[in-house]
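Accompanying notes for the structure given below.
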Amino acid sequence: MIKISKNFFIRSTVFIIIICLSSCSLKSVFTQNTKLNIGIAKKDFALFQEIFKSSNFDSYQINSKILSEDEAYNSISNQDIDFYIGNIEALISEKDFLKKKIIAKDSLAWIVNSQNPISSLGVTELQEIIKGKIKNWKEINNINEPILFIGRYDENFTNQNLVNYPDLSRIESRVQAKNEEDLIANICKFKNSISYIDLSSEALQNASKSVKKIFISKNDNNSNSDSMFQREIHLYYQPELINSKLNIQSFKDFIEIFNSSEVHSYIKKNNYQLPSVSELLAQGLADEAIKIGVSVPKSGKYARFGKAVIRAVEFARDEFKASGGVLGRDIELVICNDESSIQDLGSSIDCAKQLSANNVEAVIGHLGSEASIASSSIYQANGIVQISPSAMHSGFTKQANNQGLLFRISSLDSIHAEKTIELIQKLSNDNQEYNILIIHNGSVFAENLKEQIISSARNSKIQNRIGSISSHAVESKTKTYYHLLEKENFDIILPIGPEFDVGQMMIDLAVLGKTNVDLIARGRNTDEFKKTAGLRTKHLYNIGEKFLVSENSDFQKFKAQITKTREFIPYASINSYIAARVIFEALEDYYRGNFSSLAKAIHRKTFFIWGEKIYFDELGDRLDDPLKFMKFVNGELQEIN
């Protein structure tokens with residue numbers, strides 16, 4: 001008789017349990033390891049081949065091939081394939097047993113020859129062109145050329161996708177394109193031509209200099225027509241066939257991959273659009289939080305500004321969620337510590353890479369023009385919207401590769417320069433001529449703003465009365481710096497640099513006995529700045545964000561929240577709150593399907609924040625006037641006219 005010890009029994013029991021758990025796991029893996037045959041539309045094949053090669057689909061053995069619409073319909077009906085990715089709506093009847101899930105959209109771009117001066121059309125104008133009522137461009141833009149419409153190459157697609165717009169679905173073209181390349185060739189050949197093509201088309205990307213996209217508006221101030229011209233990309237399947245291959249949970253897991261942030265990043269990178277949240281909710285696929293990146297210094301000498309920005313963005317998020325949020329989805333802030341300086345922008349580059357890898361929808365950041373410009377190319381390469389709260393340098397939005405993803409909340413440096421000269425002229429009178437000294441920190445931004453101020457002063461009585469010195473030596477206290485301050489004769493100081501640097505300059509001026517001067521600051525509203533600068537100058541003026549003197553009740557709530565743990569409210573906090581509200585409100589419209597991309601929603605919407613309208617031009621610069629003239633009186637800002 002064999003004796004079995006109690007310890008052996010326990011060990012054996014544990015071993016059996018482990019075996020059981022392992023076998024359950026293997027069963028799940030086996031279910032997901034099923035071979036899947038997937039047909040894909042030719043125009044979408046490259047995108048989904050890239051997606052299927054990613055780690056997201058490692059658990060599946062996928063055999064994919066290109067199928068035409070007719071081939072796809074027959075193959076999936078005959079159970080020759082498990083799934084089809086594309087659009088076969090024109091072939092499906094109400095009696096069909098096929099099911100579908102929307103996984104992406106491909107917008108149509110209306111295009112003209114690059115030499116055509118037109119940049120936009122109203123829907124009514126477009127309908128009149130297609131119906132033949134408007135036959136010459138001169139009826140729209142004074143160019144005396146007959147309008148030539150180039151017909152698309154896939155009539156099934158045209159008729160199906162424009163079915164809700166009958167005037168557009170009965171297009172009678174004078175030239176019929178054979179394929180995408182032929183359509184582009186005809187647009188390039190005929191300066192008077194117009195047509196439409198898939199936004200993701202490789203032919204369109206390759207011909208970016210020869211053709212241009214035009215905006216189609218609904219003829220009102222705050223609406224969009226992108227949804228009129230979109231090709232929906234569906235995943236088609238037969239429920240009976242799929243149920244025999246995948247259990248219900250495995251099928252849900254497979255579908256959920258298409259809604260993952262990783263797959264979404266592939267879709268956006270290839271110039272496709274995502275389904276709206278309402279469409280995903282209808283399919284039970286809208287559970288992931290929306291990720292928004294915030295790139296600011298959390299440590300180092302600028303940490304206090306970074307922390308104030310984070311509080312402002314958190315306040316905006318909580319406020320927006322309390323009002324309903326983005327169709328019930330959570331908003332996750334992904335914060336990166338950007339300790340960059342004007343001498344070393346490595347931290348900004350690293351943060352841009354980290355946030356892009358996190359598949360954020362948009363980024364609020366970075367602080368300063370240099371950091372914002374240095375990181376912008378990374379965000380654009382990944383199709384991510386970037387809103388800089390404090391970049392003023394024109395080079396941020398006016399760079400040659402701006403893809404419409406860059407926005408700024410601060411006004412342009414040229415506008416600041418014009419406002420500065422305007423204020424100086426307000427302060428001066430016929431009996432007094434002011435000498436102005438610009439003290440700047442030597443950064444790219446500061447050098448540019450200095451030149452803009454000097455340029456704005458041309459042809460005025462102060463054009464020859466402006467001098468400048470660099471404040472590189474402020475902290476090191478070099479003899480050269482003191483000599484320059486002592487030698488210069490000035491009545492007004494225009495400081496360009498961080499607050500504490502400017503405050504230190506004022507202390508140095510007091511040591512030299514130069515306190516009978518006016519100081520015009522830019523966006524400053526820190527208690528520290530007022531103490532060091534305001535008490536050592538004759539008058540302290542400010543050219544800053546209009547909300548600094550706003551009596552709006554919502555702004556006052558924001559101000560009270562931000563100043564709970566400190567005595568001042570940095571202008572970067574105000575601008576970051578505005579950036580966050582712009583993103584959240586635009587996201588809601590984007591996810592409702594009102595716009596084909598987040599960037600287009602921002603470009604075309606008018607935002608109402610703290611009782612003021614905020615809107616952007618085609619480059620991403622603000623079109624509203626954000627600046628006011630202010631003066632510190634008894635430690636408080638007051639607007640001056």
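Read-outs: derived from the displayed coordinates by stated rules, not from any lab. Just so you know, these numbers come straight off a predicted model, no measurement behind them. Note: ideal-geometry Cβ built from the backbone for every residue, glycine included; neighbour counts use all protein chains shown.
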Lys, Arg +1 and Asp, Glu -1 on Cβ, resulting dipole of the range 401-449 about Cα centre, debye, nearest 20:
240
Of the chymotrypsin sites (Phe, Trp or Tyr not before Pro) in the range 73-129, which ones lie in a loop per DSSP and count no more than 14 other C-beta atoms within 10 Å?
Phe97
So how do 551-561, 183-193 stack up, highest first, on mean other-Cβ count within 10 Å?
183-193, 551-561
What percentages, rounded to whole numbers, describe P(r) for the range 365-451 computed over all alpha carbon pairs with 10 Å bin width beginning at zero?
16, 41, 24, 13, 5, 1
Once you have a ≥ b ≥ c as the square roots of the Cα gyration tensor eigenvalues for the range 302-356, tell me rounded if a/c is under 1.5, and otherwise prolate or oblate according to whether a/b is larger than b/c.
oblate
